[in-house]
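The values are calculated or read from the model by the stated rules, or taken from the named source; none is laboratory data. Just so it is clear, the model here is predicted, and its values are computed rather than measured. All Cβ positions, glycine included, derive from the backbone under ideal geometry; neighbour counts span all protein chains shown. We work out accessible area using only protein heavy atoms, side chains counted, and drop any ligands, DNA or RNA first. Shrake-Rupley method; radii C 1.70, N 1.55, O 1.52, S 1.80 Å.
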Amino acid sequence: MAPCLSFFFLFLCSFSAIPANSLPTFFPGAAYQSLIKQAKISKPKLPFKTHYFPQTLDHFTFQPKSSKLFYQKYLINSDYWRKGAPIFVYTGNEGNIEWFAANTGFMLDIAPKFKALLVFIEHRFYGKSMPFGKDSYQSAKTLGYLNSQQALADFAVLITSLKQNLSSEASPVVVFGGSYGGMLAAWFRLKYPHIAIGALASSAPILQFDKLIPWSSFYDAVSQDFKDVSLNCYQVIKGSWAELEAMSTQKQALAELSKTFRTCKSLHSTASARDWLWTAFVYTAMVNYPTKADFMKPLPAYPVQKMCKIIDKIPSRATKLSRAFAAASLYYNYSRSENCFKIEHEVDGHGLHGWDWQTCTEMVMPMTCSKESMFPPSGFDYEEFAEQCRMKYGVSPRPHWITTEFGGERIQKVLKRFGSNIIFSNGMQDPWSRGGSSPC
């Protein structure tokens, strides 16, 4: 599992009774994107100094607007560095860069041994790195500059300039990243091999495009994580969706669900309850670390085991839905600080909201749920998905662009044959492991 998983891709599994336009949205992002508000959260104290780099808006055209500058945020730790020593760079993904710096301890652990300079670069259109300030998300005209190729070019320009300013052009650079950031790290090594000598790409699903792997791989892996712990746990969760669907057809369904889910305010949609459960099980599998962690939420070690233990302890006469709710509550309230749940008023504490645009343009990662999944079986309808993107942004996705730009089904063979100095790091229970590559 990655030290920091950005997840948060577009996962498309649905209830037959719930409209397709209310499908849950997740990332390599946060759930309930249509309901999210930006949260003000306390920032952790980090051993980094904050800097801003005057970055070019458009690296690939020479139109008048392309030379516009914006200030890109990056963090530096030079506690162990000496001139000429390596520079370890984290290729920021979809969120505030402090979030990833606070959850990537591996780089700090190895910095003393290598006397390395640590640099965490924020991805354009996230955190404070907004090319058009408060208007950055105004329309497709501004969001059109948000894509992986521009982000990689940002990293290349900033790294090159930093080495010159430090008078340390000979310092070797290794890039690091997790999930989408891991994809960027791998792609950076492929696109800019003269800048980075290697990459560590953790939980990087570079094969999750087109038809390189079965579309059901992710949800099959999530389900298997729970099934490996407890068959009963897997079966309870699998059966809870039917109970929720049946409840949604009853009179006073929303009032009853609000009571069952201990919501702070009455629910307006049964889809909100579904998404709340769905998010808990998916994210818990993604951060099923062997130690306590606070990446997405405060969680105990091996949280999947803890969830299943909750389900298995509840008598079988209880409904599957109530048992699923009890397990999901661990994800949202392990700290026991919540008296009720703000199911329809989740806040985005990490600035993830740009990922919707990315999934509607180049990051088209089809996902389905097979009959083996603990989620309801479903398919992927590209035309329906594309229509939702056109309605929201006025743009159509380019489902084959990533494999065209970075490589498709032959990428693994090419990497192994020619060597790449890219390490693809995945835990055996990592849901993204089936969409990653093997170490090269």
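Within region 374-388, the set of residues being modelled with pLDDT of 95 or more and in contact with a Phe, Trp or Tyr (Cβ under 9 Å, 6 or more places away or on another chain) comprises 374, 375.
Yes or no, residue by residue, for (1) among the hydrophobic types (A, V, I, L, M, F, W, C); (2) out of contact with any helix residue (DSSP H, G or I) (no Cβ under 8 Å at 6 or more places or on another chain):
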position: 216; (1), (2): no, yes
position: 233; (1), (2): yes, no
position: 237; (1), (2): yes, no
position: 240; (1), (2): no, no
position: 252; (1), (2): no, yes
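Scoring residue 307 on the criteria (1) at pLDDT 95 or above; (2) open to solvent by 30 Å² or more (accessible area, probe 1.4 Å) leaves a single failure, condition (2). Restricting attention to region 378-403, the residues that are over 22 Å from residue 212 (Cβ atoms), open to solvent by 40 Å² or more (accessible area, probe 1.4 Å) and assigned to a loop (DSSP other than H, G, I, E, B) add up to 1. So is residue 223 touching an Asp or Glu at 6+ places or on another chain (Cβ under 8 Å) and open to solvent by less than 10 Å² (accessible area, probe 1.4 Å) or not? Answer is yes for this residue. Taken over region 67-87, residues that are open to solvent by less than 10 Å² (accessible area, probe 1.4 Å) and either of a type in the set (Phe, Trp, Tyr) or at pLDDT below 95 (or both) amount to 1.
Within the option set 24, 54, being modelled with pLDDT under 95, open to solvent by less than 70 Å² (accessible area, probe 1.4 Å) and either not assigned by the TED database to the domain that holds residue 283 or not in a strand (DSSP E or B) (or both) holds for one residue only, 24. Listed here are the helices (runs of 4 or more DSSP H) enclosed by region 268-363 that have at least 3 residues being closer than 30 Å to residue 382 by Cβ and not assigned by the TED database to the domain that holds residue 229: 355-359. Scan region 48-68 for residues that are of a type in the set (Ser, Thr, Tyr) and over 15 Å from residue 131 (Cα atoms) and the total you get is 2.
Considering each residue of region 323-330 in turn, none proves to be over 26 Å from the mean Cα position of the chain (by Cα), under 16 Å from residue 342 (Cβ atoms), among the small types (Gly, Ala, Ser) and surrounded by 14 or more Cβ atoms within 10 Å (Cβ to Cβ).
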